[in-house]
Structures are given as C-alpha cells and as structure tokens.
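Every number in this text was worked out from the coordinates using simple rules, so none of it is lab data. Because the structure is a prediction, the values reported are computed rather than measured. Note that each Cβ is placed from the backbone with ideal geometry, even for glycine, and that neighbours are counted across all protein chains shown.
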Amino acid sequence: MQRILHRCIGQKDGYYRLYHAGQLAERQVVAEAPSQLSGLAPASAFGHGAKPGEFQLPMRLTVLKGTHRHFKRLQVTLQSVLREDTSLRSIDEVHSQLKVAGATPEYLQKMIRDYFLNEEQPFPVIEALDVRLLACHNVLLEDLSPAILAEFLENPGLLQRAPDAPSSDLAGEKRRCIEDVWMDMYGDSNLPILKPEAKADALAADDEKTQRRRQTQRRRQLAIERVTMDSAICSWLELQRVHEDAGRAGQGGMQQRLWKSWVPTIANLIADPKSALAKGSGSRSFLKLQTSGLEPELLVVIASQTLLSLLFLPVFRHKDERLQAAQKGLFGQVPFVTAATAVGEAVEAERWHRERTKLRGDKDDKLNSFHKQKHIAAFQSPTRTVQIGAALVDLLLDHAKVSLPEKESEVQDGSPRNGEGPRVVEVQAFQHAMRREGKKQVGILMLHPLIRAQMDEEEHVLSFAQLKHKPMVIPPQPWRPCGKQPQGPYLMQGAEFVRTTSQSSTNLRFYSPTRACQAMDSLGRMPWKINQKILEVMKETQARDLGIADIPTRSDPEVPRMSDEELQDLPERERKELRLKIYNAEKRCRELQSERPTFLLKLQVAEDFRHAEKIYFPHNVDFRGRAYPVPPHLNHIGDDVSRGLLMFAEPKALGPDGLFWLKVNFANLFGKNKISFEERADWVDAQRDWILEVAADPLSPSSVARWSNADDGPWQVLARCFEFAEVWAAESPEEFRSFLPVHMDGSCNGLQHYAGLGRDLEGGKAVNLYPADKPQDVYTVVLQVVKQKVHASAEATPDDDDEEEAAKRQLSQRLIELDVLQRKVVKQTIMTICYGVTTVGAIQQVRGQLEDMVGDKVEAAEIQSLAKYLAQLVLSSIKEVFAQAKLIQNWFDQNTKILNRLQAPASWISPIGLDCVQPYRTPHTVSVRTRRQNVTLKTGESVLLNKSKQRMGLPPNFIHSLDATHMMMVAERCEELNIAFAAVHDSFWTHAADITQLNKIIRECFIELYEQPILAEFYEDLHVHLGGQVPPDLPPQGTLDLNVIRDSRYLFA
C-alpha cells in the first residue's frame, strides 16, 4: 500500500500530516523532519472542508453537538461504515499509516489526547480509528489503555473481529482480537461501560476536565443507543462473517444450530427471482417483500428476532393479567395479526432508517413539506406493513425447521444423519392454530414445545430480546415535545412525551405542557446505580435454583402423570386431590414460561450497567399525566426484583432522624404499616439479631426463612439488612451515608383524592386525611363490614323455598371454614374501586388472592364461585363506607352519558396544565388477505366514540390526573429544595434523611391542590362541552377542613 508523508508547515512539535489521497505514492522520507516519531498532524478530512467524494460525518465525534435529527443522520453514517459502504480507511490502513509515520505507543497516546482536545481540526488517521471502533464495535477510543495501544501497533488484528484478523502469529500462538479487548475493558457486559479495574488504565482516566468527562459519557451514551438500535444489523453481519469463513462453518453453538440455522434457507427463497411464492395466493405480499430494498438475510433476522421476542417475552400490564394468561394457557402464543404487524413495522423501520439518507444535508430543510410527508407516508402504510410482515411470518411457519432426535420429536418419518448415530428428523419450529375468543376465531402462532425447551435458556432468550430503550448514562435531554423538531430524552432514539394515540400528541401543539415537561425532566435527572450486593445474591440464588423471593426456578415442577383408567380407580377424594395437583403444576409451568425470560432480562440489564457510576431513567406520561420510566424491564416502578437491584447513586448522611425512617421503611416491607411509626421502629430494634445474621449469610436456610417471605418486598428487605449492618457498625450512625431510597405511600390514594375533592370528612378519616395517633386502615374497615354480612348469611335461618339464599349461606359457611376473610383478599378491590374497577375485574382480583391462599386444596370451579360471591360483598360494602366518593362517581357518569349522545369525548385540563382527552373511539379497520389467513387490522380511529369506555373511563382517569398532578407538584418542590425525589404514582421516594421534609411537602401540596375549585372548574367547562346543555348539579361538598391535613402524620405512611 502506498503512502505519502508530508511535513506540516507551521505545525508545532514537528507534527506530520498523513492523509489518504486515492492512488498514494510510496513513502517519501523528508530529510528535514526532526523525528519519525513526531506523530501525525491534524487535518480537515471530515465535515467542512472535506473534498468531494471523501467520507464525511454530520458532526464531530469528539464534540457530539446537534439536534435529534443530526444524531439520526450520524447513526445512518455509522451504519454505512458498519456495512462497509464507505471509503473510510480500514483498521489495516490506519495501522499501516501509523507504522509509516513511525508512531510509538507514547506518541500515539499523545495524538489521541490532542485529537480530543483539538475541537477545530481533526486528526484524520485517529478520527478514522475512532469512527471504525465506534461504528463497527461500539468501543470508545478513549477507553483503550496504553498497553492496548502498544499491542495494536504490533498486531493490527487486535482492533478487528476474529474472523477478519489473522488467527495466529508465526509462532502459532493465538493472537488477540477486538473480542479480547472488549473483555479486558467491559467484561461480560453487552455495553461499553468500563470495569473498575479498566477505568484506571483508560486514556481518559487522567483527564481532569469535567467537560471532557461529560463528553466521554455522551459518547458512551451514543454507543449504548447504537447497541440497542443495531441488534438485527449486527446479527445479520455476524451471519455473513460466519458464512464467509469456511473454517467456522457448522461450528456454532446451540444458538447457531437453532434459530440462526434457518436464515440462509429462507433468505435464498426471498432472493430467488423465479420463486414459486411469487405466484398464486399471497404473491402480492411476497413481491412487496422482494422489492423492500433490504438484504434477504437481514429480513429473516429481523423477522426471527421479532417473532421470538413476542413469544418469549409477553407484556403484561399487571400481575393479574399474567395470572389470567397462565390460567387460560396463553403463554407462548401470539395472534397472527400481532406478529405480522410487529414484524412488518420492524422491517419498515429499518427501511426508513436507510432512506433517511435521501433527506440529508441542507436539502432536508428545503424540501417541500408535501413531498417530505409523501416520502414518509410510504413507510407508514398499515396495509403494506402487514403484507410484508405476513409474508415473512408465513416463510417462518413453512421453512423454519430444527433437527430433533426422533424419539423426542414424536415424528415417525425421518432419515438418519449420514447413516450414523441416532435417527434425526426435522420439525417445524413454529405452529399455526385457531383459537376462539368470544364470537371470533383468532389465528395464533406458537413455538414447538421441544424447541422452546431447548431455547428457554439464558443465552438464547437474551440473544433475540429486543430492548427498545435502555437506561441512560447521562442525564436525559430536556423534553421539548412541541414544535417542528420535537426533542426527546435520548440522543438518537425516539420517544413520545405522551404515550397514547395521536390526539394527545396533536394537543401539544395548542398548549404548552411546560410544567409537566419540567417535572419529567426532574424525575429523569435522578441518578441511580445497581446494588452490587443484591445482584450477586440474586445470581447465586439462581445458580443454586433455590426458587425463593420471586426468582423463577430453572426446572419445571413435576407434573403427576396417570392414565384415565388409573384415575378412575382412585377414590373420589384422592382423584380430586390429584387433579388439583396436576392443574396447579401445569399452571405453574405456564407461569414459569413468562417469568424466566422476564427475570433474565432484568438480570441482564443489571449486569450491563453494574459498573456504571450513574444511570438515569427518562420519564414520559400517559394522557392523564401519570409518569412512567421510558426504559422497560428494569426500573424502580417494576417489581421487587427490580427495586432491590436499584439504589440511589448519590448517598446522603442519615442525620438525626434518617435511621428512624429507615427502620419505618423496613417495618413497612413486612406489612407493619397499621401501627404507629414509633412502634415500627421499636419492632425493627427487636429484630436486630437476625437482621445481622441475614446480612452476614443471606442464603443460609435460617436467613432465607427470615427475609424471603417479606410481605411487600423481600429483596428490598435484604438490601436494608445489608445497610443496617453497616449503620450499626459505624462509629457515628448519623454520619453514615445511605444509598437506599425510603418510600412513603398514600393510604388507598384514589380514595384520598375523592375525599379531598368532595371534602368528605368520614371518608377522609378512613384514609388518613384527618390527624390520628395511629394510621387508619381502610381495608380493615371495609373487611369488617364484609365479615358482618358473611356471618349474618352463614347464621341465617334456612328457608327451603329460597334456593338463592341457601346458596349464599353455603358460600358464606365455606368462606368462614377456609378462613379467607382476610385483609389482603379485599385490599386490591378497595384500592381500585375509585379507578372504576368493574364487577368482572373485582372477581378476577379476589379469585387471584383465593388461588394464592387455598388454590392447593380447592378446585378452580369452587374458587370461581367463592370469588364471585365475595367480590359482590366487597363492592357493596365499599359503597356504604364511601358514600361521598360514590356521589362524585355517579355525577361523572351522568355527564358522560350526555357527552356520549353528543359524540364528544370527555376532556379536561388537569391542575398541572395537561390537556386530558379520553382517547376511546371506535377503530377504523381494514381487511388484508394473506396466504395464511385474512387479517383485520386497526388502521386508526374514527370520529365515533367507544361510549362504554368513555363512560367507564372518566372517574378513574380524572382521579389519575389529580394524583399525577400531586406527584408533579411534590417533584417541583423537591427540585427547588435540592431534595432527591423519585415516584411510583402514589409512592414517593427520597433519602432517609429527607423523609421528614418530604412528608411536609406532600401534605402542603395536597392542600394546595384541593384548595383549587377543581370540580367547579370542570363544571364550567362542561357548559361548553355539552353544547349549551346544562350539566347536572355538582354533588354537595362535605365538611372536611383541608387545613387539618397539615397535622396528619399518616397521610403518606
């Protein structure tokens, strides 16, 4: 390879300018050069001043300044480098130029440092190395240690993948490659986050400038987002490398033998211009697939990853939905239309990402708006999306096959492999079936059970898991959801400020959601980090397969097996017991199908970020204003496993009362929240001995029995055991710096807001709006009413003529016999009554609790009967206790009936300034014919309302907008006072040292909120919304004095 070495006139320190100039001449030695080790001088090879045809970046990688649009353009450019679609120098060329210049390790380090410090002129060779490392490997140049740089000068393959690098040197020793460098710097993490031992050696370690450190973290965030966005592309390129390297062919692991093995076969079918699939049924969809403009292999990778992710990682909104899915046996199934839509959207997203290059540069701003929208619309056709997705799903159904031993596959036809060994047959990886849902027949997809069993392991589940958003390592960008160029929290990845339909997004153009945006920015800037001790204990728990504290076991429970004839020979009682055992074991197996991959994802995210000094969770809102972290899977709104893995990144000394509140929090996690704060702290002091034992050896049998069965969070309990041990060992507990959040939760918060809204004195007393020596427990109050009704029915005089009363008496007696009239059975229904829980929903909630309590000895049919009866009693009892709240609900209902007649959606402005519009409308649908089945697709919303959802939705949605407003008001106040703050709807978190102050803020903000005439203002707005009709009169206000709330210690307790 030919090179030119030019002396840079006027450059200090004898730097040299080295550049690539097409047909390069032989190296010319300049006699007057002071030294061949003087390095390589800066030059403008990128950006402004670049020659036509030269590689250009839309922004400097060392600065990373620009809008969301500029970062997307940068991603397009980096992907072109990844695909080798550019003229950028290769790693080998960079290495050769460095060697020609006589660069030593010391001068290479100096050049890299100067490259980062010189913001005006880049160093072409160093910049090429930086771009290659980031684009192809997501490695940061400044993370390299001097030792790695010295090794690179001797071995250019060090910064290349193994298939591209020489496998050994002349002595036959294996030479290191980029995978080895990754392990040196980042360990087992999938993200470029330095290990503690690698931080001290990195080039950036001696950088004392805060601004430079921030830029490094900004570059790290860019790399993390690229890892998230490029998963399909990287899988495709990896397959290409494997296929091109004959020496590695057929040597992949189980992961390669399973889903990746069918990629070449299906890709060949797509690439064949004479394919028989281009004719007959489904040909239109197949032709759209062939003309998509994407590589066939990439199409199959996208389809495989998307479909497997849907099958292994179902999304449930809450635990009840998961339990219901388990009961119905729906785990591992996905509707055909859902799969086709998801696959099609993933393909179209990749197409759009590539086509963005047609809208680059200054032309992007000059394009006629109409033409831009027309160009974008080509990627937003739902019909085309489903056709492409359906074609790929059909190909997977027909041609995705896996080899299994014949005795396992239960298939009789097959042929031995090479005439030797056990008989092996090919089976279809995916199966299609029809399932009845109400009056409709729904096509569903599922994975062959034996194939699923082989793939249901950590490395396989995580290989196709597609995490759309991850936590951030820099504070999120401020939200700017309005205007022509909306800005979200990520550098490149998109995120909507309002997670709902287009109506709420459109409303952002007509009003300023400034306060809500600032509150979300404040929540997003809260720094967290991974709790290393809890992570290690979780990994050990999983490795030992202990099956404790919501960590799913690796093995399924044994399902009793017995033939029908053997069952019939058993006595009736034994037969019922055995059937119940079989039912429960099979249900648990189905639950584990969902729990395992969900847990593994949380664990993987924790592993990836375990060495990050700080991580951040950007937040957005739903149409009511309720806040949610954008990254799924691992966040503080998640379950106890997620919360146990997280702690504040910035500690704070406990101070005079921090230890007290840490004890209160610990007691709350054990359900000791119905006694005074002082009694809770005393209870913790009485547990001191076993807390220290748990901290010393958490997985001993005696320790596990102590912490793993905590009512409201065993992993959070264990984290606090570790911290208590440190606090009690400290010389000055007040000076101990605590990392753990302490949370204060509302007392049935929805009913608290109803009581504040209606000035309900009696209801307010039940939910702690009124001062008291001990917390009032609304669940116990309602439970007592339920108990009175059950006992009255059980003891009623029999009436042979009244079958209904006789049935109720029998159910009441059975409830007493099973001893299930407990607080936890009624709690969830009481919590959700103010949010519009239906009778059906209440029955499901009660049934879930009964299954947990007596599911091992009572059959499902009887549990259903008991749940139906008990749920009706709970609902009627709530109406008696909270009559004022029911009046407000009825008033909402009357207004929505009028709004429905006018086809006007319920809408209101929340006190925080959000325009809340209920998005419930009847959908537009279109029927798309695919080769497998007809697909009915929702393509948008009509002007017609879904009247049932509008009516049922207003009471809970209005209350949710108020609890969201209260949370944002508290967040604003904490921001002003520099108090750490995080929230899970009606659960507010801060350092233990600041709980006293937080409690005051909570009460003051609650009073400030309800001093506003909220219902009266809504009443005035209804005059407009109802088109001149007079709305029903407001319900009468109660006698609660809001000022007494200032003295209510247990408002949030």
Sum of side-chain charges, LEU1040 neighbourhood, beta-carbon under 10 Å (Lys, Arg +1; Asp, Glu -1) = -1
So, relative contact order of the range 887-1047 in percent, Cα under 8 Å, 6 or more apart, is 22 percent
Förster radius 22 Å - calculated FRET efficiency between ALA883 and GLN813 (Cβ-Cβ, nearest 0.05) | 0.15
Residue (of ALA627, ALA686, VAL641) at the positive-pole extreme of the range 617-702, dipole from beta-carbon charges = ALA627
Fully extended contour minus Cα-Cα distance, from ASP188 to VAL63, at 0.36 nm per residue = 42.2 nm
Please give, to one decimal in nm, the separation of the simple spin-label points placed at CYS589 and GLN997, each 7 Å out from Cα toward the Cβ.
-> 5.6 nm
Sorted peptide list for 757-769, 576-588, 1017-1029, criterion being average Cβ within 10 angstrom, highest first | 757-769, 576-588, 1017-1029
Full-stretch length increase - THR291, LEU699 - with 0.36 nm per residue and alpha-carbon distance subtracted = 141.1 nm
Residue-ordered couplings for the range 726-738, obtained by feeding phi - 60° into the Karplus form 6.51 cos²θ - 1.76 cosθ + 1.60 and rounding to whole Hz (Gly and Pro as x), are 6, 5, 5, 8, 6, 5, 10, x, 5, 8, 5, 8, 9
Protection proxy ranking of 784-796, 876-888 - average other beta-carbon atoms within 10 Å, highest first | 876-888, 784-796
Step through the table entries LYS440/LYS947; LYS440/LYS949; LYS602/LYS949, compare each Cα-Cα distance with 25 Å, and write down the pairs that go over it.
-> LYS602/LYS949
Which of the pairs LYS765/LYS1000; LYS174/LYS529; LYS174/LYS260; LYS576/LYS824; LYS199/LYS533; LYS824/LYS857 have their Cα atoms more than 30 Å apart in this structure?
-> LYS174/LYS529
Taking the Cα centre of the range 774-881 as origin, work out the dipole magnitude from +1 charges on Lys and Arg Cβ and -1 charges on Asp and Glu Cβ, in debye rounded to 20.
-> 760 debye
Extending each Cα 7 Å along its Cβ direction at ARG561 and SER275, get the distance between those two points in nm, one decimal.
-> 4.1 nm
With r as the distance between the Cβ atoms of ARG214 and ASP85 and R0 = 35 Å, compute the FRET efficiency 1/(1 + (r/R0)^6) and round to 0.05.
-> 0.65
Is there a pair in LYS674/LYS789; LYS663/LYS787; LYS279/LYS439 whose C-alpha atoms are over 31 Å apart, and which pairs would that be?
-> LYS663/LYS787; LYS279/LYS439
Ranked packing of 333-343, 944-954, most packed first, by mean Cβ within 10 Å | 333-343, 944-954
